[in-house]
Structure formats: C-alpha cells, structure tokens
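Just below is one structure, and these are the notes that go with it.
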Amino acid sequence: MTNSIADPLELIAAYVGHARWFGGKGRPFTLAGRRRLGEISPAEGGEGPHTAIDLVTVEYTDSVGGTEHYQLPLAFYDETQDHLGHALLGMWEDEDFGPSHVYDAVHDRYAMAHWLNCFAEPCVKGNVRFHRLPGHELDLEAHSTLFSGEQSNSSVRFGEDSLLKVFRKITPGINPDIAVHEVLTRAGSDHVAELYGWLEVEDDSTSEGGVLQLAMLQQFLRTASDGWDLALTSVRNLFAEADLHADEVGGDFAGESSRLGVALAETHATLQEHFPTQQWSTEQVTSLVDGMHRRLDAALDVVPELAEHADRLRATFDHVRRIRDLTVQQIHADLHLGQTLRTVRGWKIVDFEGEPAKPLSDRLLPDSRWRDVAGMLRSFDYAPRVVERTVKESEYVGAEQRKFRAAEWAERNRDAFLSAYAGGELTVDQETLLSAYVADKAVYEVVYEARNRPSWVAIPLDAIRRIEKS
C-alpha cells in the first residue's frame with residue numbers, strides 16, 4: 001500500500017459530516033470515540049473484504065451540546081477499489097486488519113453478501129447477534145443494491161427477495177420498527193412487509209447502556225408503489241380534466257383511500273390485541289393537552305402568523321380535557337401517505353419507527369389511534385395542495401379551478417378513508433380527539449415548512465384557517 005496512512009477518527013469525522021444520514025449537519029462536532037462492535041466473516045470459500053461494524057460517538061461542540069451514536073458498517077480492502085471510490089472513508093492502519101482502504105460497506109455487494117449470510121449461519125466475531133424469524137427461506141445468492149435518497153437510514157435490496165434497513169443513528173433500547181414488525185409478522189398481518197430478522201448487540205459501554213438494535217431484514221415488496229406518489233398522480237389526473245368532478249375521472253383515488261382505511265383499522269386491531277393497552281387518567285389526558293399547548297407556544301416563536309389562530313387552536317385542544325375514557329395503545333405515530341405502499345396484494349404500512357424527533361423511549365409509549373388517523377387526514381389534505389402549487393399555470397385549468405378541485409379531492413378522499421376506518425359515525429369524544437390531533441399536526445407542519453420549505457408554509461396555514469372556520 002503506497003498511499004499515506006491517516007488518522008481514522010479524522011477520516012471518519014469528514015465522512016460522517018457529509019453523509020446524507022447524519023442528523024447534525026451544520027453543527028460543529030468532534031468524534032468522542034469509536035468502538036468495534038463486531039467483525040463479520042465471509043461465508044466458507046467466499047470472496048470479498050474483511051467486514052466490521054463500528055460505532056462512533058459524535059459530541060456536539062455548540063451551545064446546545066449533546067452526543068449521538070452512529071453505526072458505520074465498514075469494508076476493509078488491501079487495494080483500492082475504483083468502483084467504490086464514492087464510498088471511500090480513507091486509508092488507515094486498522095487494529096484488526098492492518099493497513100487498509102476502508103469503505104462504507106453498504107455500497108459493497110461482497111460485504112453485504114457477508115451480512116446476508118449471517119442470517120443463515122453464525123459468522124460474527126464479537127457481541128453482534130443476527131436473529132432470524134422462522135418461515136421464509138432467504139435467497140442467499142441475491143446481489144445487493146443500495147437505495148439512494150434515504151435521509152436517516154440506509155436500505156439495501158437483495159434481488160427481489162429481501163430488504164435490509166441499516167439504522168445509522170443508534171439509540172440504546174428496543175427499536176419500535178423491529179418490535180412492531182415482529183409482532184405483526186408473527187400475527188400474520190397482511191398489511192406490513194414480513195420481518196425476516198434483525199441484528200443487535202448487548203452493550204453496556206455507552207452511558208445509557210442496554211441493547212443496540214442495528215438493522216432489520218424484511219420482505220421486499222416487488223410490486224409496491226408509493227402511496228404519496230399515487231395520490232399526486234390522481235390529483236394531476238383530476239386537474240387535467242376541466243369538466244369532470246373527482247368521482248368521475250379515471251384516476252379517482254377514493255376507492256384506494258377506503259381500502260387504506262380498512263388496512264389501518266385492521267392493523268390497529270392487531271396491535272391492540274398483541275401490545276398492552278392503557279386507560280389514561282384525567283392527569284394523563286391533561287398532560288396530552290398541555291403538550292399540544294407547548295408545541296403551539298414554540299411554533300408561535302417560529303411562525304408569528306399563527307398568532308391570529310392561537311385562541312381557536314387552544315380551544316380545540318382544551319375540548320379534549322372533557323374526555324374521561326381514553327384508551328391508548330401501540331400505534332404507528334408518524335403515519336402519512338409516504339409511509340404506505342400499494343401492492344398487488346393490497347396496502348402495506350411501513351416504517352414504524354415513530355416520530356424521528358422524539359427520544360426512542362417516548363416512541364414506544366402508547367398513544368391514541370386517532371393520532372395515526374389525523375396524520376392520514378392531513379396527508380390527504382396536503383397532496384392536492386402540493387400539486388396545486390407545483391404545476392405550471394398553463395399546464396392545467398386556472399388557479400381558482402385548481403383551488404376548487406384541490407378542496408374537492410381532499411374532502412372526497414378524507415371522507416372515504418375515515419368512513420372505512422371508523423365503520424360508522426364517530427362518537428363525540430372521537431371527533432373531539434381527532435380534531436385536536438389534526439390541529440396539532442398542522443401546527444407541527446407549519447414549523448417544519450417554515451424551517452425547510454418556506455414557500456409551502458401556506459399549505460398548513462390554510463388548513464388551520466379552515467379548522468378555525470369549521
């Protein structure tokens with residue numbers, strides 16, 4: 001190896017700082033530590049690199065401070081791999097493998113083949129454990145393909161058989177995405193991709209201690225189409241038909257919305273059967289409402305335009321205080337059309353990790369199923385408004401007609417979904433709770449858009465104005 005050898009912590013810090021999945025972009029940090037969780041051996045007679053899993057601790061040096069842990073699957077080669085140049089961390093003297101060219105292993109099909117084989121037979125040196133659920137026979141010959149565009153995790157497809165989701169930011173404790181998928185898979189749910197296995201390590205080295213869940217392997221949904229993309233296509237079809245209503249166009253989505261409502265209702269029923277439920281006390285209901293008020297207070301600092309709606313929003317939240325019988329359970333907790341997939345066998349719900357901004361321990365707490373319903377209703381409201389704002393003026397009908405058609409599409413699909421989900425009229429308490437969750441979600445959206453897509457902040461603001469008039 002003729003290239004110079006560098007400090008691995010410096011190389012890793014540079015790579016992590018520019019990675020799509022790094023949650024601290026723009027914040028100053030140092031790497032406070034790096035530990036090897038395990039080495040993964042190739043299958044008998046297999047080719048490819050040495051492979052290991054490292055955990056690095058990021059320590060932020062700004063006024064906010066704090067630490068985070070990130071997983072780095074690494075591939076170590078004796079020579080440069082030109083086809084992996086985009087995934088190169090650098091060259092260093094590794095304590096286990098000596099002088100090495102080191103790459104992000106999720107980009108390397110040989111390294112990922114090692115990972116896949118570990119689900120079939122033990123192959124790890126260290127404390128990492130690969131768990132496998134019975135039933136499905138894995139295609140161990142399938143080549144891997146890394147999905148592009150993901151923000152917080154890395155997903156690797158193995159042919160048309162399985163999908164490996166590698167969690168990048170690691171928090172000690174049980175990951176709800178694994179826990180929920182395991183329960184739903186064992187229960188035979190038709191509305192999720194089956195879980196085939198996961199890997200984890202028992203670790204007491206971090207200050208938090210406990211299990212670190214690193215990745216999950218699940219069914220690859222070969223025929224899947226993204227629910228959000230399907231909804232946008234339906235809206236565009238409606239906008240393109242100047243003389244037809246939402247129920248008359250070929251791309252009418254209401255039937256799919258109804259089927260999605262049934263899928264969510266059945267998923268909630270299975271979760272209620274297999275996870276503990278609680279009856280919230282008056283104090284817990286009060287805490288729920290107080291949390292909504294706190295989020296509104298914080299939002300007012302970010303988006304002052306909310307002030308004119310604050311009284312009405314607070315009244316909507318406060319109506320929940322009258323509820324005396326509130327059952328809570330395991331839910332999705334971050335549900336929208338982008339978390340759904342339409343397959344030839346019906347709708348699938350994905351990504352049960354919960355709200356990413358919340359601590360992992362909070363994401364495992366029970367909540368009302370109406371939070372999930374509210375997330376879907378807001379998503380049905382968002383889709384037509386996004387199309388309304390992103391199409392060219394000359395491409396479809398005029399602005400006023402688009403506005404009318406957006407409202408028509410949203411109402412039709414919200415009604416179809418809610419009617420199918422509830423299976424009848426909502427009780428007063430259900431309507432009260434749902435209205436509060438919808439308002440709370442819209443407040444969250446206002447802040448998100450103000451920080452990330454300011455030109456879209458009018459979408460949730462307009463929704464809040466409609467809430468005020470209802």
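The values are calculated or read from the model by the stated rules, or taken from the named source; none is laboratory data. Values in this document were obtained by computation on a predicted structure and should not be read as measured data. Backbone-built Cβ (ideal geometry, glycine too); neighbour counts: all protein chains shown. When the accessible area is computed, the model is the full protein with side chains, heavy atoms only, and any ligands, DNA or RNA have been set aside. Shrake-Rupley method; radii C 1.70, N 1.55, O 1.52, S 1.80 Å.
Within 10 Å, at most 12 other Cβ atoms, and a DSSP state outside H, G, I, E, B define an exposed site. Report the longest part of the chain free of exposed GluC sites (Glu not before Pro).
Numbers: sites that count: Glu44, Glu47, Glu79, Glu95, Glu137, Glu141, Glu160, Glu248, Glu393, Glu395, Glu425.
That would be 249-392.
Distance between the modelled labels on Val344 and Arg451, one decimal in nanometres: 4.2 nm (7 Å Cα→Cβ projection).
Quick check of the Kirkwood formula: for region 1-160, what is the inverse mean of 1/r over all pairs of different Cα atoms, in Å?
Values: mean 1/r = 0.0596 Å⁻¹.
16.8 Å is the Kirkwood radius here.
Heavy-atom accessible area per residue, region 168-322, 1.4 Å probe: how many Å²?
Working: 6930 Å² over 155 residues.
That works out to 45 Å² for each residue.
Please check the chain for the longest run free of trypsin sites (Lys or Arg not before Pro) that are loop-located per DSSP (anything but H, G, I, E, B) and have at most 15 other Cβ atoms within 10 Å. Longest stretch, sites excluded: 26-221. Taking 0.36 nm per residue of separation and subtracting the Cα-Cα distance, full extension of the segment from Ala307 to Val211 would add 30.2 nm.
How much length is gained if the chain between Lys125 and Gln151 is pulled fully straight, taking 0.36 nm per residue apart and subtracting their Cα-Cα distance, in nm to one decimal?
Numbers: separation 26, 0.36 × 26 = 9.36 nm, distance 2.97 nm.
Roughly 6.4 nm would be gained on extension.
Give the residue from Asn153, Gly424, Pro49 lying farthest towards the positive end of the charge dipole for the chain; charges sit on Cβ (+1 for Lys and Arg, -1 for Asp and Glu) and the dipole is referred to the Cα centre. The listed residue farthest towards the positive side: Gly424. Legend: calculated FRET efficiency, Ile467 to Arg222, from the Cβ-Cβ distance at R0 = 45 Å, rounded to 0.05, equals 0.65.
Both radii were evaluated on the Cα set of region 263-387; the Rg over Rh quotient, with Rh as the Kirkwood radius, amounts to 0.99. On full extension, the segment bounded by Glu141 and Asp318 gains 58.0 nm, given 0.36 nm per residue less the C-alpha separation. Work out the P(r) tail for the chain: percent of alpha carbon pairs separated by more than 31 Å, whole number. The proportion of pairs with Cα distances above 31 Å equals 50 percent.
Could you tell me how far the Cα centroid of region 358-378 sits from the Cα centroid of region 105-129, in Å? Each part's Cα centre sits 33 Å from the other's.
For region 189-327, dividing the convex hull volume of the Cα atoms by the residue count gives 251 Å³ per residue.
Suppose R0 equals 51 Å. What FRET efficiency, 1/(1 + (r/R0)^6) with r the Cβ-Cβ distance, do Ala6 and Leu426 give to the nearest 0.05?
Values: r = 62 Å, r/R0 = 1.21.
The formula returns an efficiency of 0.25 here.
Each label point was placed 7 Å from the Cα along the Cα-to-Cβ direction; for Ala399 and Lys358 their separation is 3.9 nm.
I need the shape label for region 70-130. Rule: rounded when a/c is under 1.5, else prolate if a/b > b/c, else oblate, with a, b, c from the alpha carbon gyration tensor. Spell out each step's value before the answer.
Details: a/c = 2.10, a/b = 1.50, b/c = 1.40.
In terms of gyration-tensor shape, prolate.
Taking amide hydrogens as placed 1.01 Å from N in the peptide plane, the amide H of His50 sits under 5 Å from those of Phe76, each at least 5 positions away in sequence or on another chain.
Local charge sum around Arg414 (other residues, Cβ-Cβ under 12 Å, Lys/Arg +1, Asp/Glu -1)?
Working: positive: Arg378, Arg412, Arg466; negative: Asp381, Glu408, Glu411, Asp415.
With Lys, Arg at +1 and Asp, Glu at -1, the neighbours total -1.
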